[in-house]
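One structure is given here, and the rest of the page talks about it.
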Amino acid sequence: MTGVKTYAAVDLGASSGRVMVGRVDPDSLELSEAHRFPNRPVRVPEGLRWDILALYAGVLDGLRAAGQVDSVGIDSWAVDYGLLDADGALLGNPVHYRDSRTEGIAEKVWATVPAPELYAATGLQYAPFNTLYQLTAARAGAQLSHAGRLLLIPDLLTYWLTGEQGTELTNASTTQLIDPRTRDWAYDVADRLGIDLGLFAPLRRPGDPAGALRPEVLEETGLTGPVPVTAVGSHDTASAVAAVPAGAERFAYICTGTWSLAGLELSAPVLTEESRAANFTNELGLDGTVRYLRNIMGLWLLQECVRAWGDPDLGGLLLEAAKVPALRSVVDAGDAAFLAPGRMPERIAEACRASGQPVPSSPAEVTRCILDSLALAHRRAVEDAQRLADHPVDVVHVVGGGTRNALLCQLTADACGLPVVAGPTEAAALGNVLVQARAHGLVGDLAGMRRLLTRTQPLTRYEPQGDPERWREAQARLAGR
């Protein structure tokens with residue numbers, strides 16, 4: 001390839017991190033893995049925390065393994081943050097969004113800003129771990145009162161790499177403190193709740209410069225400077241949706257991994273009361289787009305079960321699950337009862353028992369219950385999104401880790417009654433790389449990015465099979481509990 005530029009995409013998920021290397025020219029896009037490392041939360045006496053220093057060490061190791069690059073970009077999960085003191089030092093390990101400190105906090109917020117008003121102002125779904133609720137809960141501790149700056153996780157790592165502070169917009173839109181119409185802070189909401197927006201660094205957008213690697217980082221990684229850092233869609237879902245290989249067709253997407261994020265790409269938010277009741281969120285994407293989607297518990301359910309079973313071979317488990325009768329038992333994959341870690345097989349069995357369904361006992365039966373339940377949740381989200389946004393679709397694009405799970409992809413096609421196009425698997429990293437490439441003029445607009453993906457990435461198409469009536473019956477059965 002001639003005129004090739006090389007980009008490091010730091011992509012941090014809730015269970016692992018990776019540094020991927022993208023090589024791009026106007027006609028080619030190649031991605032390889034430089035380094036992968038675990039992301040293991042730690043439970044300490046005060047609660048569940050992210051091991052942010054281990055993550056930063058993994059990033060540095062990955063940059064060293066990546067070799068010389070033209071730019072670096074960072075994306076991660078949403079809502080969580082680190083607090084810095086007046087000298088810029090981290091005040092403590094960031095709190096994990098699955099920590100229990102936000103239990104009962106939403107009701108306190110709604111007493112000041114009722115839930116319908118909050119949704120009309122921010123368009124964000126209710127989730128107990130939204131940054132807004134975390135900040136409200138943090139008032140009970142000493143850390144927040146000593147904080148001079150709040151940085152979301154990708155912005156915190158960018159700060160350590162560059163010494164420069166900013167708040168990237170796509171991730172900021174998950175805080176429940178952004179107005180999706182103005183793409184700026186929801187000043188009235190923050191004022192009514194006593195949240196100091198001065199804690200946040202200035203907003204920056206995907207493609208904006210975010211500094212350059214500090215001399216100490218260059219020395220530790222062996223890179224030759226200057227190496228710029230570019231703001232990307234730093235919420236991993238924003239990067240993943242940017243990497244949906246869609247053309248002119250009307251499409252829905254499902255970003256799969258620890259979570260399933262299922263919805264539509266729109267040009268304007270949907271802020272109706274009906275949308276709020278259906279718990280859809282309006283998060284911001286590239287080029288003025290809105291990610292209108294619903295959070296579903298996702299492959300977290302299976303990950304926790306596999307961990308409880310002692311990490312059996314996943315491929316063999318899925319083969320056995322495919323032999324289990326379909327839709328024998330299903331659970332609500334969006335139920336907050338499954339949010340916390342631990343005892344997942346037992347909790348799924350308890351949910352089935354409480355609803356009068358056959359109780360799955362073997363790992364294969366539990367796995368089939370999870371995958372059927374996820375496919376059913378995907379169906380509900382895609383149907384509801386089309387109705388609420390008045391935006392019909394012809395195809396569902398599945399990206400992320402779930403694309404490796406052929407059974408889940410086929411079940412999603414069956415449940416939705418629509419073709420599923422699966423791929424790319426490393427969507428967040430590819431979206432991250434492409435935003436960096438666009439900042440260097442190698443690719444054009446969002447449509448141009450997607451054309452390059454379609455030409456260069458392996459995709460698998462699944463056509464719906466079986467009796468759609470069985471899925472309608474299962475959906476009605478679940479709704480009637």
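The values are calculated or read from the model by the stated rules, or taken from the named source; none is laboratory data. Note that the coordinates shown come from a computational prediction; the quantities given were computed from them, not determined experimentally. Don't worry about glycine lacking a Cβ; one is built from the backbone with ideal geometry, like all the others, and counts go over all protein chains shown. Just the protein is used for accessible areas: all its heavy atoms, side chains included, with ligands, DNA and RNA removed. Shrake-Rupley method; radii C 1.70, N 1.55, O 1.52, S 1.80 Å.
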Spherically averaged projected area in nm², based on the convex hull that wraps the Cα atoms of segment 67-109: 5.8
Rounded percent of accessible protein surface that carbon and sulfur make up, segment 151-220, 1.4 Å probe: 47
Rounded to 5, percent antiparallel among DSSP beta bridges of the chain: 70
Semi-axis lengths (Å, descending) of the ellipsoid that matches the C-alpha gyration tensor of segment 1-149: 35, 20, 14
Lys, Arg +1 and Asp, Glu -1 on Cβ, resulting dipole of the chain about Cα centre, debye, nearest 20: 680
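Please list Arg149, Arg353, Arg98 from largest to smallest accessible area, probe radius 1.4 Å, with all protein chains kept in place. Each step should come with its number before you reach the end.
On the way: Arg149 50, Arg353 140, Arg98 25 Å².
Greatest to least solvent exposure: Arg353, Arg149, Arg98.
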Sites Glu469 and Arg43 - FRET efficiency at Förster radius 51 Å, r taken between beta-carbons, to 0.05: 0.65
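Using a 1.4 Å probe on the protein chains only, how many percent of the accessible area of segment 24-143 belongs to carbon and sulfur?
Reported share for carbon and sulfur atoms: 52 percent.
From the helices alone, meaning DSSP H stretches of at least four residues, give me the mean residue ellipticity at 222 nm for the chain, per-run term -39500 (n - 2.57), in deg cm²/dmol to the nearest 500. Walk me through the intermediate numbers first.
Details: 18 runs with 182 residues, N = 481.
Per the formula, -11000 deg cm²/dmol.
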Semi-axis lengths, Å, segment 322-434, gyration tensor of Cα atoms, sqrt of 5 times eigenvalues: 26, 17, 15
Span-rule helices in the chain, defined as complete DSSP H runs reaching 30 Å or more along the axis (Cα) with Kyte mean at least -0.5: 363-389
Residue-normalised accessible area of the chain, given per residue in Å² at a 1.4 Å probe: 37
Other-chain or far-sequence residues with amide H under 5 Å of Ala34's (modelled H): Val19, Met20, Val21
Efficiency of FRET between Asp335 and Arg250 - r from beta-carbon atoms, R0 22 angstrom, step 0.05: 0.15
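Share of segment 369-481's accessible area from carbon and sulfur, percent, 1.4 Å?
Numbers: 2030 of 4170 Å².
Its accessible area is 49 percent carbon and sulfur atoms.
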Size of electric dipole in segment 229-310: Cβ of Lys, Arg +1 and of Asp, Glu -1, about Cα centre, debye, nearest 20: 160
Cα gyration tensor shape of segment 80-139, rounded if a/c is under 1.5, else prolate or oblate by comparing a/b with b/c: prolate
Percent of C-alpha pairs per 10 Å bin, segment 258-414, short to long: 10, 38, 32, 16, 3
Accessible area of Asp372 in the full protein assembly, 1.4 Å probe (Å², nearest 10): 0
Convex hull of Cα atoms in the chain, direction-averaged projection (nm²): 21.3
Centroid-to-centroid separation of segment 190-265 and segment 67-92 [C-alpha atoms, Å]: 11
Distribution of pairwise C-alpha distances over segment 236-296, 10 Å bins, in %: 23, 57, 20, 0
Distribution of pairwise C-alpha distances over segment 97-218, 5 Å bins, in %: 2, 10, 20, 22, 20, 13, 7, 4, 1, 1
